[in-house]
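Enquirer: This is the structure I have questions about; it appears just below.
The values are calculated or read from the model by the stated rules, or taken from the named source; none is laboratory data. Just so it is clear, the structure is predicted and the values come from calculations on it, not from any experiment. All Cβ positions, glycine included, derive from the backbone under ideal geometry; neighbour counts span all protein chains shown.
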Amino acid sequence: MPVAPSPVAPVRDRPVRIAMVLYPGMTALDLVGPQALLAGLAPGQLHLVAESAGPVASDTGLALVATGSFEACPSDLDVLFVPGGDGTPAQMRNDALLAFLRDRAARATLVTSVCTGSLILGAAGLLRGYRATSHWCVRDAVLPLLGAESVAERVVFDRNRVTAAGISAGLDLGLALAARLRDPDYARTAQLVAEYAPEPPFRAGTPAEAGPAIVRAAEAILAPLVAGATEAARR
């Protein structure tokens, strides 16, 4: 993925200040992928935040630990990040989370998401008038309901909003952010350390590649998420 010139000034004289949101029913990989690639930029300043500190169960049952609450999260951030997951529809209605996002986004250098995390940003009113992406199952149908222009790309930058497509795209987001927050060679080094050179055994990562039968099977699995997110977006 080519890295375009960025209006964001590199952060070189201090750790990058990052807050990553946790909530029940998030997808762990949405968060863990970019967290692993960005942690080296943020020693002592990478905050995993939730309504209250402690374990938070993901949508597959794997628990991640929030190191602090929304209230304890620093006010001024370089990166504000929201993951997606099966819990997205509930979080699109979570007034405490939405208020937290609006407050921190007002001062954050970059407001970012992976997968259906963009719908939560949209529910907070933070994507109105912005180009954005999300998981393919909701991208074109739900993002426009939240005032965003849907874009079928892996990572989308529009001013200080940065959104990534479904789940595995969090790795691409992490590298793209690292390139802008430090420099492209830092991101290349992080990619090599992670040995991120994907060679999937199947070409089924997009609806176009997967074919109609596989798309139908995936849509059946994702139907409750799509229905819930659509209802929440139409509130």
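Enquirer: For the stretch 182-196, check the following and say yes or no: at least one residue is of a type in the set (Gly, Ala, Ser), closer than 22 Å to Leu29 by Cα, over 17 Å from the mean Cα position of the chain (by Cα) and assigned to a helix (DSSP H, G or I). Steps first, please.
Expert: Quick first cut of the stretch 182-196, residues of a type in the set (Gly, Ala, Ser) only: 187, 190, 194.
Now drop any that are not closer than 22 Å to Leu29 by Cα, which leaves 187, 190, 194.
Right, trim to over 17 Å from the mean Cα position of the chain (by Cα) and you get 187, 190, 194.
In the following step, the residues that additionally are assigned to a helix (DSSP H, G or I) were identified as 187, 190.
Yes, some residue in the stretch 182-196 is of a type in the set (Gly, Ala, Ser), closer than 22 Å to Leu29 by Cα, over 17 Å from the mean Cα position of the chain (by Cα) and assigned to a helix (DSSP H, G or I).
Enquirer: A follow-up question, please. Exactly one of (1) more than 24 Å from Thr88 (Cα to Cα); (2) in a helix (DSSP H, G or I); (3) hydrophobic (A, V, I, L, M, F, W, C) is unmet by Ala218. Its number?
Expert: So the condition that Ala218 fails would be (1).
Enquirer: Of the residues that sit in the stretch 62-72 and are touching a strand residue (DSSP E or B) at 6+ places or on another chain (Cβ under 6 Å) and among the aliphatic types (A, V, I, L, M), which one is surrounded by the fewest Cβ atoms within 10 Å (Cβ to Cβ)?
Expert: Ranking the candidates gives Val65 first.
Enquirer: Looking at the structure I just gave you, is Asp95 over 15 Å from Gly174 (Cβ atoms) and free of Cβ contacts under 8 Å to residues at least 12 places away in the same chain?
Expert: Details: over 15 Å from Gly174 (Cβ atoms): yes; free of Cβ contacts under 8 Å to residues at least 12 places away in the same chain: yes.
It is true that Asp95 is over 15 Å from Gly174 (Cβ atoms) and free of Cβ contacts under 8 Å to residues at least 12 places away in the same chain.
Enquirer: Hey, does the stretch 23-41 have a residue that's at pLDDT 95 or above, more than 15 Å from the chain's Cα centre (by Cα), surrounded by 20 or more Cβ atoms within 10 Å (Cβ to Cβ) and farther than 27 Å from Ala233 by Cα?
Expert: Taking every residue of the stretch 23-41 in turn, at least one turns out to be at pLDDT 95 or above, more than 15 Å from the chain's Cα centre (by Cα), surrounded by 20 or more Cβ atoms within 10 Å (Cβ to Cβ) and farther than 27 Å from Ala233 by Cα.
Enquirer: Of all the residues that make up the stretch 73-99, how many are over 23 Å from Leu225 (Cα atoms) and surrounded by 18 or more Cβ atoms within 10 Å (Cβ to Cβ)?
Expert: Total meeting the criteria: 5.
Enquirer: Of the residues Ala179, Ala169, Ala218, Ala164, which is touching a helix residue (DSSP H, G or I) at 6+ places or on another chain (Cβ under 9 Å), of a type in the set (A, V, I, L, M, F, W, C), surrounded by fewer than 18 Cβ atoms within 10 Å (Cβ to Cβ) and on the phi < 0 side of the Ramachandran plot?
Expert: Details: Ala179 fails: surrounded by fewer than 18 Cβ atoms within 10 Å (Cβ to Cβ); Ala169 fails: surrounded by fewer than 18 Cβ atoms within 10 Å (Cβ to Cβ); Ala164 fails: surrounded by fewer than 18 Cβ atoms within 10 Å (Cβ to Cβ).
Checking each option against the conditions leaves just Ala218.
Enquirer: Please work out which residue is farthest from Glu153 (Cα to Cα), limiting yourself to the stretch 190-205 and to residues that are surrounded by fewer than 13 Cβ atoms within 10 Å (Cβ to Cβ) and of a type outside the set (D, E, K, R). Steps first, please.
Expert: Quick first cut of the stretch 190-205, residues surrounded by fewer than 13 Cβ atoms within 10 Å (Cβ to Cβ) only: 192-193, 195, 197-203.
Filter once more, so that each one left must be of a type outside the set (D, E, K, R): 192-193, 197-198, 200-202.
Values: Leu192: 23, Val193: 25, Ala197: 19, Pro198: 18, Pro200: 19, Pro201: 22, Phe202: 20 Å.
That would be Val193.
Enquirer: For the structure I just gave you, tell me whether Leu121 is surrounded by 21 or more Cβ atoms within 10 Å (Cβ to Cβ), within 30 Å of Gly40 (Cβ to Cβ), in contact with a strand residue (DSSP E or B) (Cβ under 6 Å, 6 or more places away or on another chain) and modelled with pLDDT of 95 or more. Walk me through how you get there before you give the answer.
Expert: On the way: surrounded by 21 or more Cβ atoms within 10 Å (Cβ to Cβ): yes; within 30 Å of Gly40 (Cβ to Cβ): yes; in contact with a strand residue (DSSP E or B) (Cβ under 6 Å, 6 or more places away or on another chain): yes; modelled with pLDDT of 95 or more: yes.
Taking the combined requirement at face value, the residue satisfies it.
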